[in-house]
Amino acid sequence: MSLDISTLFLVATLICALLGVMLHYFGRQEKIPALNWWGNAYLLGAITVALWKVLGPAFGETATLALASIGFVACGMMWNAARVFHGLKPNWPGLFIGALVWLATVATLPPDQEALRMTIGAAIVSGYAGLTAAQLSSERRKAMQRRWPTMLVPLLHGAVLMLPIVLADLWPSPQAGIAGNVWVMLFAVELVLYAIGTVFVIFMLVSERTVTMHKTAASLDPLTGLLNRRGFSEACARMIEREADAGRPVSALIFDIDHFKSINDRFGHPAGDEVLKLFAIIVSSSLRISDLCGRIGGEEFAALLPCPIDEAVTAADRVREAFQNCGIEVDDAPVATTVSIGVSGGPAGVELDVLLAAADTALYQAKRGGRNRVVATVEEPVSLEQSRRKAAQSRDHRQVAVRGGAVGQAVA
């Protein structure tokens, strides 16, 4: 069964137009500007194919070749869509350079240089395809190992355009006309496959980004912007594994804002939220970029540092001093801001729960010793069970102290 070339290009036109409308719809629904760029590229591509193959005889050869420059603008839009998707600004000169080169080619080359025009046109499209593939591969992330189709699809499109021309130059054939018709038919089929494959790639990219955004949102504390307990635990597990491979120790810090309940009672919960946000900023700015910090409870924060315990103590005291001297005021009334910090250290490969339990014990000692101080564990945590017992004892002591204080107030 033979395939009619005009029918193939008509199918390609309809598919491109339909996909362009679909991309525009999802771009508006999801508020993703890159989808609108891709949608415009598909619509321009559909217009170009229609003008070139379906309406070409009515315009004449020269006018049709000139109108084909719209197709090169569409190729530039595909590249710019990839740029916009990755947060870059559109490259406006690059958007139109291919069309300008094509118009100059049509204006300067004589009609008998059809093969050279075809070579230049294919080279322009292949160049845009290479730029698109390079842009899609610019993010150096582990996810790129699963995203090889994003680079392969545009590269194959450029190869399909250039391969027949290269082969024709290397091995000229007396049946060039027949070979040319076969290539045009194959190009029409490839154009349909490329349009569908590119939309598949686009939605794969959008889906991956959406999943990443949801994972990030699930790992962050909405008030402070720091990692929440879940995100902190996952990030710490990765850091401990990385430091264990290098044989380096790690240290944990637990922060507890002193008398935070009295701040809420005296100034209200909005003021308490501002204190929490301020402390999060101080912790983030006082620690190194390689350190991890998160909010693991109401007024309780934690950090994991890839360093020995003596360096962690220095960092903890830096946070304590900065928070004490922050000078926050509510309704022109100064707010006393102090924090108690427990510090623990462990060898390479130590469990996070072990470190946090030991740091929690040190935190209790800091509070019992008068608050607004840094206390480090004297002995290195050995086992998780031992650390849990110490942490449980610390919590029991705190509960007894709270009950004792409440009873004393009732008697008074």
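Every residue, every condition in (1) surrounded by 12 or more Cβ atoms within 10 Å (Cβ to Cβ); (2) within 30 Å of L278 (Cβ to Cβ); (3) not aliphatic (A, V, I, L, M), yes or no:
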position: V206; (1), (2), (3): yes, no, no
position: R209; (1), (2), (3): yes, no, yes
position: H214; (1), (2), (3): no, yes, yes
position: A218; (1), (2), (3): no, yes, no
position: N228; (1), (2), (3): yes, yes, yes
position: E234; (1), (2), (3): yes, yes, yes
position: R238; (1), (2), (3): no, yes, yes
position: A244; (1), (2), (3): yes, no, no
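For the stretch 272-287, which residues satisfy the criterion of being within 21 Å of R230 (Cα to Cα) and either of a type in the set (G, A, S) or surrounded by fewer than 22 Cβ atoms within 10 Å (Cβ to Cβ) (or both)?
Those that are within 21 Å of R230 (Cα to Cα) and either of a type in the set (G, A, S) or surrounded by fewer than 22 Cβ atoms within 10 Å (Cβ to Cβ) (or both): D273, L276, K277, A280, I281, S284, L287.
Elements of the type helices (runs of 4 or more DSSP H) sitting completely within the stretch 1-89 and holding at least 3 residues that are modelled with pLDDT of 85 or more: these cover 5-30, 33-49, 69-85.
Only one of the listed residues (K277, K261) is farther than 23 Å from S219 by Cβ and free of Cβ contacts under 8 Å to residues at least 60 places away in the same chain. That residue is K261.
Looking across the stretch 102-119 at every residue that is touching a helix residue (DSSP H, G or I) at 6+ places or on another chain (Cβ under 7 Å) and without any contact (Cβ under 8 Å) to a residue 24 or more places away in the chain, the one that is nearest to W38 (Cα to Cα) is identified as T105. Is it the case that some residue within the stretch 228-235 is in contact with an Asp or Glu (Cβ under 7 Å, 6 or more places away or on another chain) and more than 24 Å from Q365 (Cβ to Cβ)? Looking for residues that are in contact with an Asp or Glu (Cβ under 7 Å, 6 or more places away or on another chain) and more than 24 Å from Q365 (Cβ to Cβ), one finds at least one in the stretch 228-235, hence yes. With the condition kept exactly as written, say whether any residue in the stretch 301-309 is surrounded by fewer than 14 Cβ atoms within 10 Å (Cβ to Cβ) and out of contact with any Pro (no Cβ under 7 Å at 6 or more places or on another chain). There is no residue in the stretch 301-309 that is surrounded by fewer than 14 Cβ atoms within 10 Å (Cβ to Cβ) and out of contact with any Pro (no Cβ under 7 Å at 6 or more places or on another chain).
Among the residues in the stretch 88-100, are any surrounded by fewer than 17 Cβ atoms within 10 Å (Cβ to Cβ), of a type outside the set (F, W, Y), free of Cβ contacts under 8 Å to residues at least 40 places away in the same chain and farther than 30 Å from V206 by Cα? Yes, because at least one residue in the stretch 88-100 is surrounded by fewer than 17 Cβ atoms within 10 Å (Cβ to Cβ), of a type outside the set (F, W, Y), free of Cβ contacts under 8 Å to residues at least 40 places away in the same chain and farther than 30 Å from V206 by Cα.
Meeting the requirement of 2 or more residues that are of a type in the set (S, T, N, Q), the strands (runs of 3 or more DSSP E) wholly within the stretch 258-353 are 339-346.
The values are calculated or read from the model by the stated rules, or taken from the named source; none is laboratory data. Since the model is a prediction, treat every value here as computed from it, not as a measurement. Every residue, glycine among them, receives a Cβ derived from its backbone with ideal geometry; neighbour counts consider all protein chains shown.
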